[in-house]
Amino acid sequence: MSRIALTRGQFLLPFLLLLDELGAPTQSLLAKYMLPRVLESGVDDFVPIRNAIQFTDAASRIQGIPDFGHLVACGATFDYLSERLRTQVINSPTLYTALVTLCANAHLEDTNLRMYLTYHGESIRLHSVLIGVRGLQGLQYSQWLQIVLPIQVVREFVGPGWAPSTMAFEADYRPTIYAMEAWPETRFLRAQLASWIDIPMQYVSLPPIRGIRTLHTMEPEKRNASGALLDSLKLMLPSYLGSKMPSVHEIAEMANTSVRNLQRMLSETGVSYRDILNTVKFERAATLLGRSDISITEIARMLSYTDGAHFTRAFRRTAGITPMQYRKSQRTGIVEK
C-alpha cells in the first residue's frame, strides 16, 4: 500500500478564500476531489496534495482565473509556515542555518516535499521537489508557494524588498504579464528538474533582522516563561565563553526546575540547549572575526574548541562559509569561494 502525499490545509485555504471572494461555488468541486468542505479551523490539518492540486487546476479552468498560483502567492507571508517551523527559523543565528532548518523540516509542510541546498558560483541554490507528482497538470500552483515561502524566509534576514534573480519552476509554466510585472528584476525558467531560487553567498551569514525571538501565537503563559528563559540564557552564557559552560543539569538547578521541564520549555521556543550554546559561540566568533585581527586558532581557543579545524567546521555549519571567508566578507563585502 502506498503512502498518501499530504499538504497542510494552510496551503489550500488561500485558494478557497480567493474563490469565495470571486463568488465562485466550491462545495461540489471539493466533493468531486474528495476534499473537506470546511478548512477555516483546520489550517494545520492535512489534505491529500494530489487532490488539492487537481481541485485548484479545475477551479482555475472553470472560473477562467489566469495565473491562479501567482494571485495566491501575492498574499503569501511568512505566517503561512507552521508555527513550529517559523519558530525554528526565527531562532536561527544565520540565514544559512534557517535554510538548512527549512530543508530538514519541509516534509512537515508537505509530506512529499524535498528541499535541499547546493552551491552555484557566488550563490546557494535552494531546490524544492514534490515527489510523485511530476507532470501533474496544475503543478505550478503548488510550486508558486514552494518558491515564495522560502523567499519570505530569506526576507526575515535580508529585508522585505529582497527578490531572487531567477525563479525556476519544475512545471512547464509560462507566467502572465502580471506575474512578470510583480517581479520585474526576476527571470522565470520553466520545465526544470526542480523548482529553485538562488541566494547570494554574501547573505548567508546574516542574522535575523528582528533578532531571535518567540512567536506571539504561543499561549501567553508559555510565551512569557519560555521566552524569558531563552532571553536569560542568551544574556548569561556569553560570560562563560573561554571557561566551562554550565551543563543542562546546572542550568536546570539555576532555574529551579527539572531538566525535563527545562528541555520542554526550550522546545517550545524551537531550540535546544545545544542550539543556544552554538548560537552564543557563533555570535562571539562573528564579532571577533569582524572587529579584530585575532587569529582563527586563537579565537578557537578562546571559545573552547579543541583546535582550529573543529572551530572552522562548527562555524561553517552555522554560517555556510568558513571563518576566513566571513572575515574577508566583513571587510570587502564579497564572499570568496
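The values are calculated or read from the model by the stated rules, or taken from the named source; none is laboratory data. All of these numbers come straight from a predicted model, not from anything done at the bench. Counting neighbours? That spans all protein chains shown, and the Cβs are built from the backbone with ideal geometry, glycine included.
Any residue in the stretch 246-271 that is in contact (Cβ under 8 Å) with a residue 40 or more places away in the chain sitting within a Cβ distance under 6 Å of a residue that is buried (at least 16 other Cβ atoms within 10 Å of the Cβ) and part of a loop (DSSP other than H, G, I, E, B)? List the pairs, counting only those 6 or more apart or interchain. Filtered contacts from the stretch 246-271: T269/T214; G270/N91; V271/N91.
Of the listed requirements (1) buried (at least 16 other Cβ atoms within 10 Å of the Cβ); (2) under 28 Å from D231 (Cβ atoms), S258 misses just one: (1).
Give the residue that is modelled with the lowest pLDDT, with candidates limited to residues of the stretch 233-248 that are in a loop (DSSP other than H, G, I, E, B) and surrounded by fewer than 11 Cβ atoms within 10 Å (Cβ to Cβ).
Of the residues in the stretch 233-248, the ones in a loop (DSSP other than H, G, I, E, B) are 241-247.
Okay, now just the ones that are also surrounded by fewer than 11 Cβ atoms within 10 Å (Cβ to Cβ), so 243-244.
Values: S243: 78, K244: 84.
Taking the candidates together, the pick is S243.
Take Q330 and tell me if it is in contact with a Gly (Cβ under 6 Å, 6 or more places away or on another chain), closer than 16 Å to S205 by Cα and part of a helix (DSSP H, G or I). In short, yes. Only one of the listed residues (L289, L303) is farther than 26 Å from S232 by Cβ, at pLDDT below 95 and touching a Lys or Arg at 6+ places or on another chain (Cβ under 7 Å). That residue is L289. The set of residues in the stretch 109-123 that are surrounded by fewer than 16 Cβ atoms within 10 Å (Cβ to Cβ) and assigned to a loop (DSSP other than H, G, I, E, B) comprises G121, E122.
With the condition kept exactly as written, say whether any residue in the stretch 41-61 is assigned to a loop (DSSP other than H, G, I, E, B), surrounded by fewer than 18 Cβ atoms within 10 Å (Cβ to Cβ) and modelled with pLDDT of 90 or more.
Step one: list which residues in the stretch 41-61 are assigned to a loop (DSSP other than H, G, I, E, B), which gives 41-45.
From what's left, surrounded by fewer than 18 Cβ atoms within 10 Å (Cβ to Cβ): 41-45.
If we keep only those that are modelled with pLDDT of 90 or more too, we end up with none.
The answer is no, given that none of the residues of the stretch 41-61 is assigned to a loop (DSSP other than H, G, I, E, B), surrounded by fewer than 18 Cβ atoms within 10 Å (Cβ to Cβ) and modelled with pLDDT of 90 or more.
Does the stretch 135-142 contain at least one residue that is assigned to a strand (DSSP E or B), under 21 Å from the mean Cα position of the chain (by Cα) and among the small types (G, A, S)? Explain how you work it out, then say what you get.
First pass over the stretch 135-142, keeping only residues assigned to a strand (DSSP E or B): none.
No: zero hits.
Annotation: of all residues in the stretch 296-316 being of a type in the set (V, I, T) and over 29 Å from the mean Cα position of the chain (by Cα), the one that is surrounded by the fewest Cβ atoms within 10 Å (Cβ to Cβ) is T306.
Among T176, T186, which is surrounded by fewer than 14 Cβ atoms within 10 Å (Cβ to Cβ) and either polar (S, T, N, Q) or not assigned by TED's automatic domain parsing to the domain that holds V133 (or both)? Don't jump to the end; show me each part of the working.
Numbers: T186 fails: surrounded by fewer than 14 Cβ atoms within 10 Å (Cβ to Cβ).
Going through T176, T186 in turn, the sole match is T176.
Among the candidates Q152, Q146, the residue that is outside the structural domain of E268 (by TED's automatic domain parsing) and within 26 Å of K32 (Cβ to Cβ) is uniquely Q146.
For the stretch 255-272, filtered to residues that are part of a helix (DSSP H, G or I) and closer than 16 Å to S92 by Cβ, the residue that is modelled with the highest pLDDT is L266. Comparison of L22, L71, L18, L35 shows that the only residue that is assigned by TED's automatic domain parsing to the domain that holds R134 and touching a strand residue (DSSP E or B) at 6+ places or on another chain (Cβ under 9 Å) is L35.
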